[in-house]
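Report on the following structure.
The values are calculated or read from the model by the stated rules, or taken from the named source; none is laboratory data. The shown structure was predicted, so the numbers you read here are calculated from the model rather than taken from an experiment. Heads up, the Cβs are rebuilt from the backbone with ideal geometry, glycines too, and the neighbour counts pull from every protein chain shown. Ligands, DNA and RNA are stripped out before the accessible areas are found, and what is left, the full protein with its side chains, is counted by its heavy atoms. Shrake-Rupley method; radii C 1.70, N 1.55, O 1.52, S 1.80 Å.
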Amino acid sequence: MKGGNYALVQHNYSNIASSFHLTMSSSGGATPPYTTLAISRPTESITHVELHRPEKRNAMNSAFWSEMVTCFNELSEDPECRAVVVSGAGKLFTAGIDLMDMMNNVLQPEGDDTARISWGLKKKIRKFQETFSVIEKCPKPVVVAIHGACVGAGVDMITACDIRLCTQDAWFQVKEVDIGLAADVGTLQRLPKVIGSQSLVNELALTARKMYADEAKSSGLVSRVFADKEAMMAGALQIAGEIAGRSPVAVQGTKINLIYARNHSVADGLDYIATWNMSMLQTEDLMKSAQAALEKKSPKTKTYSKL
């Protein structure tokens, strides 16, 4: 992209981000029926999901764990949504779990004996795990924009997202060992695949030390670092806009196959994509995208049907 066009795109998305920020700021709270999330559409095909408990540092209470599942299940089926941006309201992204709210739920399990108490606890843990697994299962790519602190369950959440961005003042902490447990909703399973250094993952998980933005970038936890939240949101919306402008058949198929390939051998991944594309190559989107390429135009100049 030529410099002038790139600057224009940046300007347009900065305007979108600024107006969107003003809209969200004036809303004063979460979006019904949610109590912990604010949902809006900065553009026709992009959905913004904002963690919205700023007075509690976006700590994750019991309502949050179920509302995220409802939200992302709906986005998965929403043909208008082609990309998702996740961010946090207020001074930081998230302080992790709301200990005061959640401890009663976990520390007072029901059951008549050890076996029944354990069975019940496993069901609760699996339910909590689904809160972030649903992000990974959502076929729409998810861009997460992190500012300030991302602590504990926040790390579990962002590792389930597809593209991670942060501000220069951001920091990350796998906090669970400091509160007496092993992280159990995704960090220990996804972070090694995200970073690629088992030694660094072990260090972060076993010491609960903070990782700052520069190290997060160099280790691969995030792909870009921005000067401040406004610039980051403009960047997140630009990336989401680029994704949303492509064929939804191609985009969603790409996400699904990337996740499958991560969890399987190369041979299994090749077999899966062959089976996938034997039907998906029959889409009209292929001809439209090819025409754009021949005309030396962006795929965004074409209109793709909803999926």
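May I ask for the Kirkwood hydrodynamic radius of region 195-281, worked out over all distinct Cα pairs and given in angstroms to one decimal?
After inverting the pairwise mean of 1/r, the radius is 16.1 Å.
Output the 0 to 90 degree angle, nearest 10, between the alpha-carbon long axis of helix 62-77 and the longest principal axis computed from the alpha carbons of the chain.
So the inclination is approximately 20 degrees.
Any idea which of VAL142, LEU191, GLN108 is furthest toward the positive side of the dipole for the chain, if Lys and Arg beta-carbons carry +1 and Asp and Glu beta-carbons -1?
VAL142
Send over the semi-axes of region 117-206's equivalent ellipsoid, whole angstrom and largest first, taken as the square roots of 5 times the C-alpha gyration tensor eigenvalues.
21, 18, 12
What list of ³J(HN,Hα) values in whole Hz, one per residue of region 208-220 in order, does the Karplus curve 6.51 cos²θ - 1.76 cosθ + 1.60 (θ = phi - 60°) give from phi, with Gly and Pro shown as x?
6, 6, 7, 10, 9, 4, 4, 5, 4, 5, 5, 8, x
Quote the FRET efficiency, to the nearest 0.05, computed for LEU181 versus GLU215 with a Förster distance R0 of 30 Å and r equal to the Cβ-Cβ distance. Display every interim value, and only then the final one.
Numbers: r = 25 Å, r/R0 = 0.82.
With a Förster radius of 30 Å, E is 0.75.
Whenever you get a sec, compute what percent of the accessible area on the chain sits on carbon and sulfur atoms (1.4 Å probe).
The computed percentage sits at 57.
Starting from the Kirkwood Rh over alpha-carbon pairs, what translational D in µm² s⁻¹ does region 152-307 have by Stokes-Einstein at 4 °C and 1.567 mPa s?
On the way: Rh = 18.0 Å.
Translational diffusion coefficient: 72 µm²/s.
Karplus couplings for region 83-89 from phi (6.51 cos²θ - 1.76 cosθ + 1.60, θ = phi - 60°), rounded to Hz, Gly and Pro as x?
Once θ is set to phi - 60°, the couplings for region 83-89 become 7, 10, 10, 10, 8, x, 7 Hz.
Could you give the angle, 0 to 90 degrees to the nearest 10, between helix 229-244's Cα long axis and the longest principal axis of the Cα atoms of the chain?
Long axis of 229-244 versus the principal axis of the chain: about 60 degrees.
Nearest 10 degrees is fine. How inclined is helix 266-280 to the longest principal axis of the chain, computing both from alpha carbons?
Here the helix axis deviates by roughly 50 degrees.
Taking the Cα atoms of the chain, report the difference between the largest and smallest coordinate on each principal axis, in whole Å and largest first.
68, 47, 40
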